[in-house]
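In what follows, a single structure is set out as structure tokens and then discussed.
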Amino acid sequence: MDPMTQSAQISSSQGIADGQNSAAKESKPSDSFLSSSPVSLIQSPQVKDLIHWRDPKKSGVAFGLSLLMLLSLAAFSVISVASYLLLALLCVTITFRIYKSVVQAVQKSSDGHPFKTLIDKDVSIPPETFRKHVDASLSYINRALKQMSRLFLVEDLVDSLKLAVVMWLFTYVGAVFNGITILILADILLFAVPPVYEKNKTQIDQYIDLVRTQVNTTMAKLQEKLPGAVKRSKTE
């Protein structure tokens, strides 16, 4: 075979493969709710180490502070909690500043301001970092708006029905729990479930697969009975 012809065939096959890959990426539900900001945050290595208790001291401090914050918000207003926290921090720094001044006066030392290193430290946010976080937030917002438009305008009838069922269940949850209580329970589950799942991964995965199979079977039957429902392909 002519080398020029062979190279042309290779180039065309590579172009077809690239087109198929790009089409697969476009058809992949990358803008699903599962890829939203909270989930991606939980999947970050630092957060995963915390909720899996890789370092018990750090995880204990994070869990204790987050639970204390939520319990405080349940008992007091946001303004009161923020004011008490800032007042406590200010009392600690003022006390430490006075203590170091007294020690320096007694010892006749010239150590200077105890927080001089922190004062001289640059705490400003670089414009590049700010723009990067704004762009990332904008992508999440656009993704959420696209999902809301797709669901509420019933692009896929089954997905919209799923959302309706979830919202209907949330009406009962909201009648029993308020927002802070749900956040407290979520915080406890966030730090309690991952270690349990890690120890019993095989058994839990088996039950999850059974439940997922039952749900998929039920939704497939429901989709077949719905008039005018757009049936999904098996590749999805």
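Among the residues of the stretch 161-180 satisfying the criterion of being under 21 Å from the mean Cα position of the chain (by Cα) and at pLDDT 90 or above, which is surrounded by the most Cβ atoms within 10 Å (Cβ to Cβ)? Ranking the qualifying residues of the stretch 161-180, first place goes to Leu163.
Please find, among Ile184, Ile204, the residue that is at pLDDT 90 or above and among the β-branched types (Val, Ile, Thr).
Ile184
Taking the conditions exactly as written (open to solvent by 70 Å² or more (accessible area, probe 1.4 Å), part of a loop (DSSP other than H, G, I, E, B), of a type outside the set (A, V, I, L, M) and modelled with pLDDT under 90), does Pro38 satisfy them or not? Against the criterion (open to solvent by 70 Å² or more (accessible area, probe 1.4 Å), part of a loop (DSSP other than H, G, I, E, B), of a type outside the set (A, V, I, L, M) and modelled with pLDDT under 90), Pro38 does not qualify.
Is it the case that the stretch 201-224 has a residue that's surrounded by 11 or more Cβ atoms within 10 Å (Cβ to Cβ) and not in a helix (DSSP H, G or I)? Scanning the stretch 201-224 turns up no residue that is surrounded by 11 or more Cβ atoms within 10 Å (Cβ to Cβ) and not in a helix (DSSP H, G or I). Counting only helices (runs of 4 or more DSSP H) that sit completely within the stretch 41-137, those holding 3 or more residues that are open to solvent by less than 90 Å² (accessible area, probe 1.4 Å), more than 30 Å from Phe177 (Cα to Cα) and in contact with an Asp or Glu (Cβ under 9 Å, 6 or more places away or on another chain) correspond to 78-107.
Taking (1) modelled with pLDDT under 85; (2) within 32 Å of the chain's Cα centre (by Cα); (3) on the phi > 0 side of the Ramachandran plot in turn, Trp53 satisfies each apart from (1).
Scanning the stretch 183-200 for residues being in a helix (DSSP H, G or I) and either farther than 14 Å from Leu67 by Cβ or not aliphatic (A, V, I, L, M) (or both) gives a total of 9. The residue that is most open to solvent (accessible area, probe 1.4 Å), among those in the stretch 143-160 that are closer than 25 Å to Thr217 by Cβ and free of Cβ contacts under 8 Å to residues at least 12 places away in the same chain, is Glu155.
Kindly indicate whether Lys121 is farther than 30 Å from Tyr197 by Cβ, out of contact with any strand residue (DSSP E or B) (no Cβ under 6 Å at 6 or more places or on another chain) and in contact (Cβ under 8 Å) with a residue 12 or more places away in the chain. When the stated conditions are applied, Lys121 does not pass them.
The values are calculated or read from the model by the stated rules, or taken from the named source; none is laboratory data. Since the model is a prediction, treat every value here as computed from it, not as a measurement. As a convention, Cβ positions derive from the backbone with ideal geometry for all residues, glycine included, and neighbour counts pool all protein chains shown. In case anyone asks, the SASA skips ligands and DNA or RNA and just uses the protein heavy atoms, side chains included. Shrake-Rupley method; radii C 1.70, N 1.55, O 1.52, S 1.80 Å.
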